[in-house]
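Presented below is the structure to which this report refers.
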Amino acid sequence: MESILERYERCSYQEQQLVPNGSEHQESWSLDHPKLMARVEILQRNLRNYTGQELDSLNLKELQYLEQQIDTALKRIRSRKSQLLHESLNELRKKEKELQEQNSILEEQVKENEKSLTEQAQWEQLNLGQNSSSFMPPVVQPPLQPPMPSHPPLTIGDSFRSIGFLNGDENAEVQTQPSTMPPWMLRHVNDTI
């Protein structure tokens, strides 16, 4: 507790030394006020001159000085502007490069996908071709002019009737023409119908 009180007394003593007496302080303010007002007036006039107002009261030397200040300010403004443009241009180039890299990666992925799809389609066609060739005879292209048969084709069996399920009718009767298939195959066909 004593240490807190000691610190409080030290701080309050230091504040008293920093703040001068009220009357001395008032006098310094009264001296500073006109100086500060004159400075504010000069700054306001310079600001109006920089914006192109109240130039009639300036002589040639003051106008040249004003022009010089405006020129140096314009040079600084232009250099800052060009610096910002270069920075934004560099950022845009980096973004462009990144986008081109992403685009090339996507193109490669699309090519790989297309390649895998074509390979898969070829594989499926090959598998279908192998599977279907084991169950179905190969399709032979007919010659341009078919040869004339010298004798009628040999038919095995007779026309037969089959009773089975056809178009929703369970007891549909189907009449077939004579077939060139062996009888043992005909029984298999009849069983599946």
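The values are calculated or read from the model by the stated rules, or taken from the named source; none is laboratory data. Here the structure is a predicted model, which means the values were calculated and not measured. Glycine also receives a Cβ, built like all others from the backbone with ideal geometry; neighbour counts cover every protein chain displayed. To get the accessible areas, we keep the full protein, side chains included, count just its heavy atoms, and leave off ligands, DNA and RNA. Shrake-Rupley method; radii C 1.70, N 1.55, O 1.52, S 1.80 Å.
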(request) Using a cut-off of 13 Å between beta-carbons, work out the net charge of the residues near residue 41 (Lys and Arg +1, Asp and Glu -1, residue 41 not included). (result) +3
(request) Putting +1 on Lys and Arg Cβ atoms and -1 on Asp and Glu Cβ atoms, find which of 74, 64, 29 reaches farthest to the positive end of the dipole of the stretch 22-115. (result) 64
(request) Set the Förster radius R0 to 45 Å, insert the Cβ-Cβ distance between residue 53 and residue 107 as r into 1/(1 + (r/R0)^6), and round the FRET efficiency to 0.05. (result) 0.15
(message) I'd like the accessible area for residue 8, computed on protein heavy atoms only with a 1.4 Å probe and all protein chains in place. Round to 10 Å², please.
(response) 150 Å²
(request) Please list, or write none, the lysines whose alpha carbon is within less than 28 Å of the alpha carbon of residue 75, excluding same-chain residues fewer than 8 places away. (result) 61
(message) Using the Cα atoms of the stretch 59-111, I'd like the radius of gyration and the largest Cα-Cα distance, Dmax, both in angstrom.
(response) 22.7, 76
(request) Using only protein heavy atoms and a 1.4 Å probe, report how much of residue 31 is accessible, in Å² to the nearest 10. (result) 120 Å²
(request) Quick one: accessible surface of residue 111, probe radius 1.4 Å, all protein chains present, in square angstrom to the nearest 10. (result) 140 Å²
(request) Return the distance in nm (one decimal) between the two label points of a simple spin-label model at residue 10 and residue 36, each offset 7 Å from Cα along Cα→Cβ. (result) 3.3 nm
(message) Within 11 Å, Cβ to Cβ, of residue 74, how many net charges do the neighbouring residues add up to if Lys/Arg are +1 and Asp/Glu are -1?
(response) +3
(request) Just reorder 82, 57 by solvent-accessible area, largest first, 1.4 Å probe, all chains present. (result) 57, 82
